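Novice: Mind having a look at this structure? Questions to follow.
The values are calculated or read from the model by the stated rules, or taken from the named source; none is laboratory data. Quick caveat: nothing in here was measured; it's all calculated off a predicted structure. Positions of Cβ are generated from backbone atoms using ideal geometry, with glycine treated the same way; all protein chains shown enter the neighbour counts. Just the protein is used for accessible areas: all its heavy atoms, side chains included, with ligands, DNA and RNA removed. Shrake-Rupley method; radii C 1.70, N 1.55, O 1.52, S 1.80 Å.
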Amino acid sequence: LDYIQSRRLTADHCGFYPRKEQLARIKRLGMVISCDPMFLDRSYPWLRVYGEDKANRIGPAKSLLDAGIMTTAEAEVDVESGTGPTYFAVQSKFMTRKNSRGEPVAPEEAIDRVTLMKMMTTWPSYYVMKEKELGSLEPGKFADFVVLNKDYFAVPEAEIPTIFPLMTVLGGRTIVLRKELADEWGTQPVGPQINFEFATRYTAEGGRE
């Protein structure tokens, strides 16, 4: 058991798992689970097949955390085209438990914004076995940080999907500086200037429109 725990076994997505009866074993094995809120869209239509009572198997973040299992947030956000939803718009579904069609998906699995921030920052560093290098701003760690357009901890929850980084720094090097902030500072923009979308709609089958 000690060896298995030392391996930090992981599982991704949380599309339709884990079931509550699996949580104790996942905890005992020392696993880390990574969940993607897009499955509130992608898996939701399958409830018509498996039953509405299975909704709490889709991204059950609160149940995982209540069981003492480290849970991290993942996302598949397509911005290669130069446009797309903000990262916070995607992840905030863990708080609202509503998919992109506004349908509630096991509201009892909702988490708060502080927990979500940990799922997006400090805990993922443990997931990738780099907690001594990443995940928080401390001496000896990489200077990786973002400057956001709004205060994540202070704005109304409904505004969180409109939060995006004005500046992104990796290892102390600025890789993105948006024009809005560059103009304020009297300098030139740096990196891709994403045209963020603030609403994403999905079809009844779970595809993106």
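Novice: Any chance you could count how many residues in the range 88-107 are more than 25 Å from Asp78 (Cβ to Cβ) and either assigned to a loop (DSSP other than H, G, I, E, B) or touching a helix residue (DSSP H, G or I) at 6+ places or on another chain (Cβ under 7 Å) (or both)? Steps first, answer last, please.
Specialist: Kept after step one, since they are more than 25 Å from Asp78 (Cβ to Cβ), are these residues of the range 88-107: 104, 106-107.
Filter again for either assigned to a loop (DSSP other than H, G, I, E, B) or touching a helix residue (DSSP H, G or I) at 6+ places or on another chain (Cβ under 7 Å) (or both), leaving 106.
Count: 1.
Novice: Specify which of the listed residues (Asp41, Asp53) is open to solvent by less than 10 Å² (accessible area, probe 1.4 Å), in a helix (DSSP H, G or I) and acidic (Asp, Glu).
Specialist: Details: Asp53 fails: open to solvent by less than 10 Å² (accessible area, probe 1.4 Å).
So the residue among Asp41, Asp53 that is open to solvent by less than 10 Å² (accessible area, probe 1.4 Å), in a helix (DSSP H, G or I) and acidic (Asp, Glu) is Asp41.
Novice: Right, something else. Taking the criterion of being under 20 Å from Pro85 (Cα atoms), out of contact with any Gly (no Cβ under 8 Å at 6 or more places or on another chain), at pLDDT 95 or above and loosely packed, with under 12 Cβ neighbours inside 10 Å, would at least one residue in the range 159-168 satisfy it?
Specialist: no
Novice: Could you tell me whether the range 18-25 includes any residue that is touching a helix residue (DSSP H, G or I) at 6+ places or on another chain (Cβ under 8 Å), at pLDDT 95 or above, under 15 Å from Leu116 (Cα atoms) and surrounded by fewer than 22 Cβ atoms within 10 Å (Cβ to Cβ)?
Specialist: No: the range 18-25 contains no residue that is touching a helix residue (DSSP H, G or I) at 6+ places or on another chain (Cβ under 8 Å), at pLDDT 95 or above, under 15 Å from Leu116 (Cα atoms) and surrounded by fewer than 22 Cβ atoms within 10 Å (Cβ to Cβ).
Novice: Collect the residues in the range 100-110 that are surrounded by fewer than 19 Cβ atoms within 10 Å (Cβ to Cβ) and of a type outside the set (Asp, Glu), keeping them in residue-number order.
Specialist: Within the range 100-110, the first condition is being surrounded by fewer than 19 Cβ atoms within 10 Å (Cβ to Cβ), and the residues that meet it are 101-104, 107-108, 110.
Across the range 100-110, the qualifying residues are Arg101, Gly102, Pro104, Pro107, Ala110.
Novice: Do you know which of the residues in the range 71-99 that are out of contact with any Leu (no Cβ under 8 Å at 6 or more places or on another chain) and more than 18 Å from Thr168 (Cα to Cα) is surrounded by the most Cβ atoms within 10 Å (Cβ to Cβ)? If you could, list the steps in order and put the result at the bottom.
Specialist: Keep residues of the range 71-99 that are out of contact with any Leu (no Cβ under 8 Å at 6 or more places or on another chain), which gives 72, 74-90, 96.
Applying the additional criterion that residues be more than 18 Å from Thr168 (Cα to Cα) yields 72, 74, 76, 81, 90, 96.
Details: Thr72: 23, Glu74: 18, Glu76: 9, Ser81: 8, Val90: 21, Thr96: 18.
That would be Thr72.
Novice: Same structure, new question: Looking at Lys118, is it outside any loop (DSSP other than H, G, I, E, B), open to solvent by 60 Å² or more (accessible area, probe 1.4 Å) and not aliphatic (A, V, I, L, M)? So that I can check it myself, show each step before the final result.
Specialist: Details: outside any loop (DSSP other than H, G, I, E, B): yes; open to solvent by 60 Å² or more (accessible area, probe 1.4 Å): yes; not aliphatic (A, V, I, L, M): yes.
In short, yes.
Novice: Consider Tyr50 against the criteria (1) at pLDDT below 95; (2) touching a strand residue (DSSP E or B) at 6+ places or on another chain (Cβ under 6 Å): it satisfies all of them except one. Which criterion is unmet?
Specialist: (2)
Novice: Okay, next question. Please verify whether Pro124 is open to solvent by 60 Å² or more (accessible area, probe 1.4 Å), in contact with a strand residue (DSSP E or B) (Cβ under 6 Å, 6 or more places away or on another chain) and either within 30 Å of Lys20 (Cβ to Cβ) or of a type in the set (S, T, N, Q) (or both), treating the condition exactly as stated. Break it down into steps so the answer makes sense when it comes.
Specialist: Working: open to solvent by 60 Å² or more (accessible area, probe 1.4 Å): no; in contact with a strand residue (DSSP E or B) (Cβ under 6 Å, 6 or more places away or on another chain): yes; either within 30 Å of Lys20 (Cβ to Cβ) or of a type in the set (S, T, N, Q) (or both): yes.
It is false that Pro124 is open to solvent by 60 Å² or more (accessible area, probe 1.4 Å), in contact with a strand residue (DSSP E or B) (Cβ under 6 Å, 6 or more places away or on another chain) and either within 30 Å of Lys20 (Cβ to Cβ) or of a type in the set (S, T, N, Q) (or both).
Novice: Now a separate question. List every residue pair whose Cβ atoms lie under 7 Å apart, where the two residues are 6 or more positions apart in sequence or sit on different chains, the first residue falls within the range 142-156 and is under 25 Å from Lys132 (Cβ atoms), and the second residue, located anywhere, is open to solvent by less than 50 Å² (accessible area, probe 1.4 Å) and of a type in the set (Ser, Thr, Tyr).
Specialist: Val146/Thr168
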